[in-house]
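Structure first, then comments.
The values are calculated or read from the model by the stated rules, or taken from the named source; none is laboratory data. Model, not experiment: these values are computed from the prediction. Using ideal geometry, Cβ is built from the backbone for each residue, glycine included, and neighbour counts are taken over all protein chains shown. Note: accessible area is taken over every heavy atom of the protein model, side chains too, but ligands, DNA and RNA are not part of it. Shrake-Rupley method; radii C 1.70, N 1.55, O 1.52, S 1.80 Å.
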Amino acid sequence: RDNPTPEERIKYLQLKYYHGEDKKSVYLSEIAALYFKTGMKQMAYLCWLESLRLDPSLMDVARRIQEFPEGLKIRFPGKLQPDKVTVSVVMTTYNRGDIVRESIQSVLDQNFQDFELWLINDGGDTAVEKILEGLNSPKIRYLRKEHNTGLPSARNEALIRAEGKYIAYLDDDDVYLPNHLSVLLERLSATGAKVAYANTRAIQGRYKNGKFIPGKCLFVWDEDFDKDTLIQRIYIGTCAIMHEKAILADTGFFIEDLSCGQDWEFWLRFAVKYHFEHLRQFTSEYRIREDNQTVADRISGYFFGAMVTKFYAFHKGEVALLKNRLSSGATGEARRAYEEIRGRYR
């Protein structure tokens, strides 16, 4: 339409990116500029890198990339809270007072009870507070943010405050089975691993009076850990994973201006340094509402996933920069960069 908003223009260009084989770098460059303008600088950085990889001669894009000397800006904890319970479960919510009760209850019903549940209300209404009053559980730690800041930022608020030795995650429309925490803790203890995950079923259904009415099972996540496969596609549900809190000092927090795919990117940073133990047992349910996503939302999700995949598959942008050096005639710098990358695989 005439005078589209930046968000509408981005959606349009994302569609063009998927269907314009000969102009992908052009669409990516414009998408990046729009992301940068709207404050999503990390997404802009990923798009500019992929644009440069596709067309190494784009010197204006190379100059924009130089504005990110540290690459992805990852927030690291100054200091983590001391361990006072075994597990901190992290949940965020935003105007989900009609359905969040079942998710909260699935945590409270765990057969392992040495946990705290950090529930971050990300600037939403106060309907969830009435639910918490009715539950009256001392295990729930509640914080309501004044403004909506997005899922990654809200999760980081919980991670800053978490007093568990281990961290688990649950979205406000998914549920744990009663043994979720206990079996993951057993696996971590038995193996000495820092990260573990179990299987997840994705169930499509609808809500009626706050109750989930399950329909069909759309897919299952039941796949052993492989770092290279994780770069290509996500096969670990957010609700399926548990990790030691202490590793956040090495990996950092969620990137706050990734509005989609931020958990995938988070796991990839984990996978650089840690092996994931896979427990082949279903312990969580990923719920998909029949009206869950619009087509535009799905396109953005696929696009974000594609940019994360390209970033890690091509050495965090190093391949794009190497090709740009070759294109500009800086062959000596390109050779040194190539040898540095090659040396990691010797």
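Quick notes on this one:
- For GLY301, the criteria (1) in contact (Cβ under 8 Å) with a residue 60 or more places away in the chain; (2) under 20 Å from ALA154 (Cα atoms); (3) touching a Cys at 6+ places or on another chain (Cβ under 6 Å) hold in every case but one, which is (1).
- Check on LEU151, within 20 Å of ASP263 (Cβ to Cβ), surrounded by 19 or more Cβ atoms within 10 Å (Cβ to Cβ), modelled with pLDDT under 95 and not acidic (Asp, Glu): yes
- Matching helices (runs of 4 or more DSSP H) fully within the stretch 1-106 where at least 2 residues are closer than 17 Å to PHE304 by Cα and open to solvent by less than 10 Å² (accessible area, probe 1.4 Å): 6-19, 24-37, 41-54
- Residue among LEU143, LEU135, LEU151 that alone is over 20 Å from the mean Cα position of the chain (by Cα) and over 22 Å from LYS84 (Cα atoms): LEU135
- GLU102 vs. criteria of a type outside the set (Lys, Arg) and free of Cβ contacts under 8 Å to residues at least 24 places away in the same chain: no
- Only a single criterion out of (1) in contact with a helix residue (DSSP H, G or I) (Cβ under 8 Å, 6 or more places away or on another chain); (2) open to solvent by 30 Å² or more (accessible area, probe 1.4 Å); (3) at pLDDT 90 or above; (4) under 30 Å from LEU80 (Cα atoms) is not satisfied by GLN281, namely (4).
- The stretch 246-263, residues that are open to solvent by less than 10 Å² (accessible area, probe 1.4 Å) and not polar (S, T, N, Q): ILE247, LEU248, GLY252, PHE253, PHE254, ILE255, LEU258
- Residue that is nearest to ARG289 (Cα to Cα) [pool: residues in the stretch 218-234 that are open to solvent by 70 Å² or more (accessible area, probe 1.4 Å) and of a type outside the set (Phe, Trp, Tyr)]: LEU218
- The conditions of being at pLDDT below 95, hydrophobic (A, V, I, L, M, F, W, C) and either assigned to a strand (DSSP E or B) or in contact with a Ser or Thr (Cβ under 7 Å, 6 or more places away or on another chain) (or both) are not met by ILE167.
- Number of the exception - GLY237 against (1) at pLDDT below 95; (2) surrounded by fewer than 19 Cβ atoms within 10 Å (Cβ to Cβ); (3) within 19 Å of the chain's Cα centre (by Cα): (2)
- Some residue of the stretch 177-193 being in contact with a Cys (Cβ under 9 Å, 6 or more places away or on another chain), of a type outside the set (S, T, N, Q) and buried (at least 22 other Cβ atoms within 10 Å of the Cβ): yes
- Among residues of the stretch 107-141, those that are of a type in the set (Asp, Glu), closer than 17 Å to ASP171 by Cβ and assigned to a strand (DSSP E or B), counted: 0
- Some residue of the stretch 162-171 being buried (at least 20 other Cβ atoms within 10 Å of the Cβ), among the charged types (D, E, K, R) and under 23 Å from GLN281 (Cα atoms): yes
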